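Below: the structure, in structure tokens.
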Amino acid sequence: MTSRCLIFLLAIIYQVPVFAGQGKTVKIACLGASICAGARLAHPETASYPAQLGKLLGPGYQVTNYGVSSTTLLKKGDFPYWSTKEYRAALASEPDIVLIDLGGNDSKLVNRVHLNEYEKDYREMIGAFRALPSHPRIILLQPIVSFVKDTTQIWDPVIKAQILPKVRQVAYDENVELINLNALLIDKPALMPDGI
């Protein structure tokens, strides 16, 4: 994730202080697929976007990376995030803020057949976090642009036409915050050597 995206995330997180003056460490859970996990990075434990976000936020914030490469938001996807130990751990952590970045892998050909269930599954995930005693602030991150040319893989026309509108609709219906990371990376393929 680019520094521009990180600065944008910082601005959003700082916008509404969660526990200002209470001396409590703010727990942030970052859920997502490859970008969150730090795939292809030599040291994801320090270079992934959750690790960088934690450094930038500094003391008073505990940012945990619950990313799992190749996962889908769709329960019927080829590798549902729902079935991972990271999802269970994120819930068990009772975070104060949740960042959800899932949707790119849902645009793969194998998963497109289930896209009519995307909004329902997203609402259910939001509901699972809302039901926690911590009552976290939930922020949805729209999937970034894909420059991959293989139409069976993470395919940008599907992200644009189907995934982005669905994420917007869920954010509106559920009254949660939305960050459009997609718009920040349009026409910037040089920032993504692998295309995604």
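Structure notes:
- If you filter region 44-70 down to residues that are assigned to a loop (DSSP other than H, G, I, E, B) and either touching a strand residue (DSSP E or B) at 6+ places or on another chain (Cβ under 9 Å) or at pLDDT 95 or above (or both), you find that the one that is surrounded by the most Cβ atoms within 10 Å (Cβ to Cβ) is Ser48.
- Every pair of residues 6+ apart whose Cβ atoms lie under 6 Å, when the first sits in region 146-166 and is among the aromatic types (Phe, Trp, Tyr) while the second is surrounded by fewer than 18 Cβ atoms within 10 Å (Cβ to Cβ) and not in a helix (DSSP H, G or I): Phe147/Gly195
- Residue match in region 189-196 (condition: surrounded by fewer than 16 Cβ atoms within 10 Å (Cβ to Cβ), at negative phi and β-branched (Val, Ile, Thr)): no
- Only listed residue being surrounded by 21 or more Cβ atoms within 10 Å (Cβ to Cβ), under 14 Å from the mean Cα position of the chain (by Cα), part of a strand (DSSP E or B) and in contact (Cβ under 8 Å) with a residue 60 or more places away in the chain, chosen from Leu140, Leu99: Leu99
- Checking the stated criteria, Ile28 turns out not to satisfy the condition of being open to solvent by less than 70 Å² (accessible area, probe 1.4 Å), in contact with a strand residue (DSSP E or B) (Cβ under 8 Å, 6 or more places away or on another chain), closer than 25 Å to Val145 by Cβ and at pLDDT below 95.
- Failed item in (1) over 19 Å from Val26 (Cα atoms); (2) without any contact (Cβ under 8 Å) to a residue 40 or more places away in the chain; (3) under 16 Å from the mean Cα position of the chain (by Cα); (4) surrounded by fewer than 23 Cβ atoms within 10 Å (Cβ to Cβ), with Asp78 passing the rest: (3)
- Considering each residue of region 163-172 in turn, at least one proves to be more than 14 Å from the chain's Cα centre (by Cα), surrounded by fewer than 16 Cβ atoms within 10 Å (Cβ to Cβ) and either under 16 Å from Cys30 (Cα atoms) or not aromatic (Phe, Trp, Tyr) (or both).
- Under the condition of being touching a Ser or Thr at 6+ places or on another chain (Cβ under 6 Å) and surrounded by fewer than 17 Cβ atoms within 10 Å (Cβ to Cβ), the residues counted in region 104-132 number 1.
- Filter result (without any contact (Cβ under 8 Å) to a residue 60 or more places away in the chain and farther than 14 Å from Ile126 by Cβ) within region 169-184: Asn180, Asn182, Ala183
- Filtered residues of region 82-96 (kept if open to solvent by less than 20 Å² (accessible area, probe 1.4 Å) and farther than 23 Å from Val26 by Cβ): Thr84
- Test for Ile126: is it aliphatic (A, V, I, L, M), at pLDDT 95 or above and in contact with an Asp or Glu (Cβ under 6 Å, 6 or more places away or on another chain): yes
- Criterion: part of a helix (DSSP H, G or I) and either under 17 Å from Ala37 (Cα atoms) or touching a Gly at 6+ places or on another chain (Cβ under 6 Å) (or both) - qualifying residue of Tyr87, Tyr172, Tyr122: Tyr87
The values are calculated or read from the model by the stated rules, or taken from the named source; none is laboratory data. None of the values given here were measured: they were computed from a predicted structure. Counting neighbours? That spans all protein chains shown, and the Cβs are built from the backbone with ideal geometry, glycine included. Side chains included, ligands, DNA and RNA excluded: accessible areas come from the protein's heavy atoms. Shrake-Rupley method; radii C 1.70, N 1.55, O 1.52, S 1.80 Å.
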